[in-house]
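Inspection log for the structure reproduced underneath, given as structure tokens.
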Amino acid sequence: KEKVVATIGYCNSGVAGKAIDVYQKAKVPLIIPVATATTITKKFASEPDNYIFRVAMPDEKQVDFILSDMIDKRGLKNVAIFADDTGYGEGGTKDVVRLLEKRGLKPVYVARFKQGVSDLTPQLKEARAAGANVLYVYSLGPDMATVSRDRQAMGWSVQQTGPWTVAFRNHIDLAGSAADGAVMPQTFIQDGVLNERSTSFVLQYVKQNNVKNIPCAMCAAQAYDAMFILLNAMFQVRDITGPAIRNALENLEHRVNGVVGIYNKPFSKEDHEALDGSILVLGQVKSNGLVQYAYAGDAKRAILTSRTKLVAPEPAAAAPAAAK
């Protein structure tokens, strides 16, 4: 009806997972800047043309990054999983379990809960009794805040972690000091090392929205970059049609200087993920309520490396302090 030729959207993985069939059937490119479920871009990968693209870090890459830090670097092997019962929590749980199994491990405890749960103290006590030294929470911010507050009330200083939602303001602001020390994977840190474009982006965002902290800095940055990538693809084609734009996205002729980094051919026919795990840094909630680099060396790496793919991460320094 509206003759849409391309779309940027979808924050919720469950909703995105149900919507992608519509775009694929209509041959309209969809660029997802937020929803991270691992399977989203893979569903139509075997078809002659795949119309689903993403400028966000897939869950499996986030999970592998966190487990690499917790287990491989820090030796924390007793992982308890707390996940909501949505499609997001289900997919995240499967990724954590699968990537633990690759390391010859199993979770010591798994708790599933409904969104909006008011108390998780009994489950947290069971996780502590099971010997957990990592609390991997797969949920959105408000429920993560419930876990953080209940854990703090118990006096349990276990290392809390999770996907990028740990850094959402609706976790940090609701949890208060209970969020301190929690760590998460990040592609963009608002108060981190910024280039000219990211500095301008942050300043304009906070000014126009009258806020001090972007509610989800990664969401905003990736959506901004997705728009620039799409714009470049549309400039590259003569006929503004879905198939032409899809082909241009898979064969971008010019690099795109974004907020998250520099995109040099972000997509190909076989690869519809603009980001890979090499650009991830470990963020940590500090006592001032801001997300900063957990490892000081990552700030230096952010200066030296800005490409969104094929950049090997440097060894990390000493492990950050656990959540209080």
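Just so it is clear, none of the values below were taken in a lab; they were calculated from the coordinates. From a predicted model like this one, the values you see are computed outputs, not experimental measurements. Virtual Cβ from ideal backbone geometry, glycine too; neighbours counted across all protein chains shown.
Some notes on this structure:
- Rh by Kirkwood over Cα pairs, then Stokes-Einstein D for the range 255-305 at 1.306 mPa s and 10 °C, µm²/s: 123 µm²/s
- Ordering 119, 225, 180 from the fewest to the most neighbouring beta carbons within 10 Å gives 119, 180, 225.
- Cross-link partners of residue 27 among lysines (Cα-Cα below 28 Å; sequence separation of 8 or more within a chain): 1, 3, 18, 42, 43, 61, 265, 269, 309
- Average projection, convex hull of the Cα set of the range 59-182: 6.4 square nanometres.
- Taking the Cα centre of the chain as origin and assigning +1 to Lys and Arg Cβ atoms and -1 to Asp and Glu Cβ atoms, the resulting dipole is close to 120 debye.
- Residue-count net charge about residue 204 - beta-carbon cut-off 15 Å; Lys, Arg +1, Asp, Glu -1: +1
- At q = 0.14, 0.18, 0.29, 0.31 Å⁻¹, base-10 log of I(q)/I(0) for the range 134-184 (Debye sum, equal scatterers on each alpha carbon): -0.25, -0.41, -1.16, -1.34
- Cβ-based net charge around residue 246, under 13 Å, with every Lys or Arg adding one and every Asp or Glu removing one: -2
- Proximity of backbone amide H atoms, modeled 1.01 Å from N, is registered between residue 182 and 285 at under 5 Å, excluding neighbours fewer than 5 places apart on the same chain.
- Only DSSP H runs of four or more residues enter the estimate; each adds -39500 (n - 2.57), and after division by the residues of the chain the mean residue ellipticity at 222 nm equals -11500 deg cm²/dmol.
- Distance between the C-alpha centres of the range 176-214 and the range 93-170: 24 Å, rounded to the whole angstrom.
- By the beta carbon rule, with partners counted only under 4.7 Å, the chain holds these lone Cys residues: 11.
- Residue 84 sits among other residues whose Cβ lies under 9 Å from its own Cβ, and their net charge, with Lys and Arg +1 and Asp and Glu -1, is -1.
- For the range 25-42, putting each phi into the Karplus relation 6.51 cos²θ - 1.76 cosθ + 1.60 with θ = phi - 60° gives couplings of 5, 7, 6, 10, x, 10, 9, 9, x, 10, 4, 10, 3, 4, 7, 4, 7, 8 Hz, in residue order, rounded to whole numbers and with x for Gly and Pro.
- Evaluating 6.51 cos²θ - 1.76 cosθ + 1.60 at θ = phi - 60° for every residue in the range 70-85, the Karplus couplings come out as 5, 8, 5, 8, 10, x, 8, 9, 9, 9, 9, 10, 10, 9, 6, 9 Hz, glycine and proline recorded as x.
- Within straight-line cross-link reach of residue 125, lysines at Cα separation under 24 Å, skipping those fewer than 8 residues along the same chain: 77, 94, 106, 114, 324
- Entry for Cα extents along the principal axes in Å (calculated from the structure that is shown) out of (1) 64, 48, 34; (2) 121, 41, 32; (3) 63, 38, 38: (3)
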